[in-house]
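Accompanying notes for the structure given below.
The values are calculated or read from the model by the stated rules, or taken from the named source; none is laboratory data. The structure displayed is predicted, hence computed values, not measured ones. Cβ: placed from backbone, ideal geometry, glycine included. Neighbour counts: every protein chain shown. Accessible surface is based on the protein model in full, side chains and every heavy atom, while ligands, DNA and RNA are left aside. Shrake-Rupley method; radii C 1.70, N 1.55, O 1.52, S 1.80 Å.
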Amino acid sequence: MSAVRIRRTQAERRPGRLRRAAGRLRGWGGVSAMAAACAMTAAAVLLPLAQSSPGTGHHPGVVREPASMAAAPFTLTDTCPDPEASLRPSALDGPTIERIRRAGKLVAGVDQNSFKWGYRNPDGHLDGFDIDLVKAIAKDILGNEEAVIYRAIPTSQRIPALQEGRVDIVVRTMTINCKRLEDVAFSTAYFEAGQQVLAPKGSPITGYDASLKGRRICTAAGSTAEAALKAQGYGSVPVSVPNQLDCLVRLQLGEVDGIITDNALAAGQAAQDPSVQLVGAPFTREFYGVAMNKDASDLVRRVNKVLENYRAGGDQSPWATSYRKHFEDVLPKAAVPPAPKYREG
C-alpha cells in the first residue's frame, strides 16, 4: 500500500471514531452536542483561526505544530521567589502598545476546544472565560473588544508562539511558574487552579496515587500535568497528546484510563461528559496568567492595569460576571480572583 493510501485510510477512519466519541457526550443535547462534535473535530485537525502575525503586518502566518514535543516546563516545587509577582500596572503607551495600535488588531493565542475556557459555540464564535479576558484587553488598548485576531495554538506551542512573534499574548489557562519565566513574561494571576485526576465513574482510580499503577494516563504535551506525571507517575503508562481535549476523546474511546489536568479544565470536561468525574484531591496549587514576550514590558504593565479593573467591583466585577457566566454550574460559586502580586523593575 502506498504512503498516500495509508494517509488516506487514516483520515477516513478518523471521522467514524469522532462520531462514536461524540455519541458518548451525554447531557448536552441539541445544538450543544453539535458544539461538542465541532470541538472534537478541532482537536483532531487543529487549524489557525487567522492568518496574521504581530510584527509582520497582515502577511500569511501559520500556527505550526512542533517538530517534537518539548519537555514540560514545570517542577513540583518552584525555586524562584514569588513567581506570580509581575510588573506594576501602568496605562502608559510603549513600543509594543504602539505596534499593536498600528496593526489595528491584538493577536491572541487561545484554545478553541476547552469547554468553558476557549471553545466554539454552535454558531461558530469563540466563547469562554479566557476569551472574555482577551476582549477586555483588546477594548482597553484598541477601544474595540472585537479588534482581535484569534490564533488557536496547542499547549506545547504557547511559548514558541510568543518567542517567534506569532502572537502578542497567550490567554490559554497557562500556569505561571519559574521555568516558564525564563522564556516569557506573565501578568499577575487571574485564576487559581490545581492538578487533579479525571476518570470514568466506577473506575478503580482514586486520585493521584498508587491506583494509577498500570493505568494509561493522558496529559497534554508541554503542560504542568505532563511534568507532574514524569516526576511521579506511580507506575502509570503516560500518554501525551497535543491538546487537552484529545485526552477526553481518548478516554471516551477507551484508549486511556484517566486524565491529569487542571481541575478547572477538568470541570468543563466533566460538564461535557457526565460519565466522567474528578477523583481525589488537587495535588498542586497553580495560578493562570496572561503570557507575553519578555521584551514587552509595556504590554505586561498594560495588561496588569486591565486586570486591576477586571477584578474591581466585587460580585459585579467583570471577572465575577464572566465566572458566573461560564462556571456557575461546574465550579464553586464563591470563588474570587487571586490577589495581585507586584515586583519592582
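Structure notes:
- Check on residue 208, outside any loop (DSSP other than H, G, I, E, B), among the aromatic types (Phe, Trp, Tyr) and modelled with pLDDT of 95 or more: no
- Each residue in the range 167-184 was checked for being in contact with a helix residue (DSSP H, G or I) (Cβ under 8 Å, 6 or more places away or on another chain), of a type outside the set (S, T, N, Q) and not in a helix (DSSP H, G or I), and 9 of them qualify.
- Elements of type strands (runs of 3 or more DSSP E) contained in the range 229-345, each with 2 or more residues being touching a Ser or Thr at 6+ places or on another chain (Cβ under 8 Å) and either among the basic types (Lys, Arg) or open to solvent by 10 Å² or more (accessible area, probe 1.4 Å) (or both): 237-241, 341-343
- Residues that are more than 21 Å from residue 340 (Cα to Cα) and within 18 Å of the chain's Cα centre (by Cα), drawn from the range 255-277: 259, 260, 261, 263, 265, 266, 267, 268, 269, 270, 271, 272
- The residue list 226, 145 contains one member that is farther than 30 Å from residue 105 by Cβ and among the acidic types (Asp, Glu), which is 226.
- Test result for residue 147, crowded, with 19+ Cβ neighbours inside 10 Å, touching a helix residue (DSSP H, G or I) at 6+ places or on another chain (Cβ under 6 Å), in contact (Cβ under 8 Å) with a residue 12 or more places away in the chain and among the small types (Gly, Ala, Ser): no
- Subset tally (residues that are open to solvent by 30 Å² or more (accessible area, probe 1.4 Å), touching a residue at least 60 places away in the same chain (Cβ under 8 Å) and either in contact with a His (Cβ under 8 Å, 6 or more places away or on another chain) or not polar (S, T, N, Q) (or both)) for the range 161-181: 2
- Residue check, residue 140 out of contact with any strand residue (DSSP E or B) (no Cβ under 9 Å at 6 or more places or on another chain), in a helix (DSSP H, G or I) and either open to solvent by less than 10 Å² (accessible area, probe 1.4 Å) or at pLDDT 95 or above (or both): yes
- Residue check for residue 206: within 17 Å of residue 158 (Cα to Cα) and β-branched (Val, Ile, Thr): no
- Against the list (1) aliphatic (A, V, I, L, M); (2) touching a Gly at 6+ places or on another chain (Cβ under 6 Å); (3) under 30 Å from residue 95 (Cβ atoms), the condition residue 279 fails is (3).
- Residues of the range 92-106 satisfying the condition of being open to solvent by 60 Å² or more (accessible area, probe 1.4 Å) and out of contact with any strand residue (DSSP E or B) (no Cβ under 8 Å at 6 or more places or on another chain): 92, 93, 95, 98, 99, 101, 102
- Residues that are part of a loop (DSSP other than H, G, I, E, B), modelled with pLDDT of 95 or more and under 15 Å from the mean Cα position of the chain (by Cα), drawn from the range 185-199: 189, 190
- Residue within the range 92-113 that is touching a Ser or Thr at 6+ places or on another chain (Cβ under 6 Å), assigned to a loop (DSSP other than H, G, I, E, B) and within 26 Å of residue 222 (Cα to Cα) present: no
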